[in-house]
Amino acid sequence: MSVVLEADGVGKSFGRRRVLTAASIRVRAGRITVLFGRNGCGKSTLLRCALGLVTPDWGSFRIAGMSLHRPQLHRLAAQGVFYVPERDLFARNRTVAQHFAALRRTVGAPGEAEAIRLLRVPDLLDLYPHQLSGGERRRAEFALALAREPACLIADEPFFGVAPHDVERIGAALRTLAARGCAILITGHEIAALLDIADDIVWMVAGTTHPLGTPAEATRHDQFRREYLGPVAPSAAPRAPGP
């Protein structure tokens, strides 16, 4: 399984506050990598550094084996990277349909019809973002991602504030993308839902990353269970490995 996106030894401080110390992650084609960690540990900062939205103090990045001296989101997008932030992917003055039209014009939307169907977006197309519920907006955002058929998808808190039935639909869309070879990196705190769709787990503590393997391996890791999952940690059933 080829590594599509890689961050190695990334460090970042904001003033005197060290957020990332030595953060590394490898996101492989056809697999969903979940980055877990407590609030403030640096998860979103690592994602933003990889996307060029924040400039790291040190560290290196590669996409499809090519070194990136300084990642820039528009250039990554041209290479097949799609970013779904925690909020505000959509412009407020455009309908959902206009966002799909913009995607078609810029980078293409080969999977648009299927994405709209799978995520039940048809009734939302003529609405503006402020007219959508949290779950509707999230479904529409991930329909946009699925329509793009990206080589790499990065999503921050995909299930935050989303009702269980929408979590299920979004999770199915993510698994569909992975089955088609997309490398997916996501963060979040919805432990059961994320373990259910994950192939690989990475734990971030104090700005440093620790790869824990599959969900089943991660939930057997004593320190991870004790310090993050808590006393009622789920037991992840083994999942069939990704392609």
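Treating the beta-carbon of each Lys and Arg as +1 and of each Asp and Glu as -1, no other charges, what is the dipole magnitude of segment 29-185 about its Cα centre, to the nearest 20 debye?
On the way: 21 positive and 14 negative charges, 66 e Å.
Here the size comes out at about 320 debye.
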> For segment 16-60 and segment 195-224, what is the separation of their Cα centres, given in Å?
Replying inline: 15
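Could you report the chain's accessible area per residue, 1.4 Å probe, as an integer in Å²? Mind dumping the intermediate values first?
Working: 11450 Å² over 243 residues.
Value returned for the chain: 47 Å² of accessible area per residue.
Which is the longest part of the chain that has none of the trypsin sites (Lys or Arg not before Pro) sitting in a DSSP loop with at most 11 other Cβ atoms within 10 Å? Don't jump to the answer; show the numbers that get you there.
Working: sites that count: 16, 92.
No qualifying site falls inside 93-243, the longest such stretch.
Across all directions of projection, what mean area in square nanometres is found for the Cα convex hull of the chain?
Details: hull surface 51.4 nm².
With the hull built on Cα positions only, its mean projection is 12.8 nm².
Over segment 50-127, what percent of the accessible surface lies on carbon and sulfur atoms, probe 1.4 Å? Write down the numbers at each step before the final one.
Working: 2290 of 4620 Å².
Ligands and nucleic acids excluded, carbon and sulfur give 50 percent.
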> Tell me, what HN-Hα J-couplings in whole Hz come from the Karplus equation 6.51 cos²θ - 1.76 cosθ + 1.60 at θ = phi - 60° for each residue of segment 144-157, using x for Gly and Pro?
Replying inline: 4, 5, 5, 4, 5, 6, x, 6, 8, 10, 10, 9, 9, 6
>> What FRET efficiency comes out for residue 78 versus residue 128 if R0 is 25 angstrom and r is the Cβ-Cβ distance? Round to the nearest 0.05.
In response: 0.35
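The values are calculated or read from the model by the stated rules, or taken from the named source; none is laboratory data. In this text the structure is predicted, and so the values were computed from the model without any measurement. A quick note on method: Cβ atoms are made from the backbone with ideal geometry, for glycine too, and the neighbour counts reach across all protein chains shown. Ligands, DNA and RNA are excluded from the accessible area calculation, which covers all protein heavy atoms including side chains. Shrake-Rupley method; radii C 1.70, N 1.55, O 1.52, S 1.80 Å.
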